[in-house]
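The values are calculated or read from the model by the stated rules, or taken from the named source; none is laboratory data. Because the structure is a prediction, the values reported are computed rather than measured. Here Cβ is always computed from backbone atoms with ideal geometry, including for glycine, and neighbour counts include all displayed protein chains. With ligands, DNA and RNA removed, areas are computed over all heavy atoms of the protein, side chains included. Shrake-Rupley method; radii C 1.70, N 1.55, O 1.52, S 1.80 Å.
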Amino acid sequence: LDRYLEEFEANATKRGAHVHWALDAAEHNQIVYSILQDHGVKDLIKSKSMLQEECQMTPFLQQRGIKVVESDLGERIQQLDGQPPSHIVFPAIHKSRKDVAELFARTVGTDPNNDDPHFLTEVMRNNARPRFLAAGAGMTGRNFAIAETGTFMVCTNEGNADIGAAVPPLHIASIGIEKMIPRV
């Protein structure tokens, strides 16, 4: 693993990335905050990341004046309701369509009686797009990192991580060492 980590860093650096090493959650969060400060970022679009959740990064950044908006639909529902995710894969699985309709009515201004899933998804998509375009940075996790190429892969079923990684002028990825693989 030590060899793969160093190989990843060397190859990622050759591709123009800046690799930072964090010993623990506190150091991870401070590094992210420093990067955002260095780039003058006040608005961050974040896709779901268990590493970031375990580090309690969002409250850390919010306490320092960074506005963090979740881009994953389930995570955003929970964020709008002031609650943490309830499940590692399905963050809002405990909420019914009616719960979401009522939440969106309170927070986004929609009709509380319209609980059609397509409507609710479109409402959130339209609410999120301007935030993607205005964000100073996007942040993702990763599914795996490849030592041989210095690249990493992020998979989502919504495309939110793709937009968050490609649209804002700055992209930050949190990558735990357990996700390192040697080759494609």
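Observations on the model:
- Considering residues of region 166-175 that are surrounded by fewer than 18 Cβ atoms within 10 Å (Cβ to Cβ) and under 14 Å from the mean Cα position of the chain (by Cα) only, the residue farthest from Val41 (Cα to Cα): Ala166
- Within region 42-57, being crowded, with 22+ Cβ neighbours inside 10 Å and under 18 Å from Ala134 (Cβ atoms) holds for Leu44, Ile45, Lys46, Ser47.
- Test: Ala22 is in contact (Cβ under 8 Å) with a residue 24 or more places away in the chain, within 21 Å of Glu178 (Cβ to Cβ) and open to solvent by less than 70 Å² (accessible area, probe 1.4 Å): no
- Within this structure, Val123 fails the test of being more than 23 Å from Val167 (Cα to Cα), open to solvent by less than 60 Å² (accessible area, probe 1.4 Å) and out of contact with any His (no Cβ under 9 Å at 6 or more places or on another chain).
- Single unsatisfied condition, Thr156 versus (1) of a type in the set (Ser, Thr, Tyr); (2) outside any helix (DSSP H, G or I); (3) closer than 18 Å to Leu80 by Cα: (3)
Yes/no per residue for (1) farther than 30 Å from Tyr4 by Cβ; (2) among the acidic types (Asp, Glu):
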| site | (1), (2) |
| --- | --- |
| Ser47 | no, no |
| Glu54 | no, yes |
| Pro84 | yes, no |
| Lys95 | yes, no |
| Val108 | yes, no |
| Pro112 | yes, no |
| Asn127 | yes, no |
| Phe132 | yes, no |
| Gly136 | yes, no |
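- Residue within region 25-33 that is closer than 21 Å to Ile181 by Cβ, free of Cβ contacts under 8 Å to residues at least 60 places away in the same chain and open to solvent by 50 Å² or more (accessible area, probe 1.4 Å) present: no
- From the options Ile45, Ile77, Ile31, residue that is under 25 Å from Asp162 (Cβ atoms), out of contact with any His (no Cβ under 8 Å at 6 or more places or on another chain) and part of a helix (DSSP H, G or I): Ile77
- Residue in region 136-154 that is over 25 Å from Val19 (Cβ atoms) and touching a residue at least 12 places away in the same chain (Cβ under 8 Å) present: no
- Every residue from region 82-101 that is open to solvent by less than 50 Å² (accessible area, probe 1.4 Å) and either assigned to a loop (DSSP other than H, G, I, E, B) or among the polar types (S, T, N, Q) (or both): Pro85, Pro91, Ala92, Lys95
- Odd one out for Leu133 among (1) assigned to a strand (DSSP E or B); (2) open to solvent by 20 Å² or more (accessible area, probe 1.4 Å): (1)
- Looking across Thr110, Thr149, one residue alone is closer than 29 Å to Phe8 by Cβ, in contact with a helix residue (DSSP H, G or I) (Cβ under 8 Å, 6 or more places away or on another chain), β-branched (Val, Ile, Thr) and surrounded by 12 or more Cβ atoms within 10 Å (Cβ to Cβ). It is Thr149.
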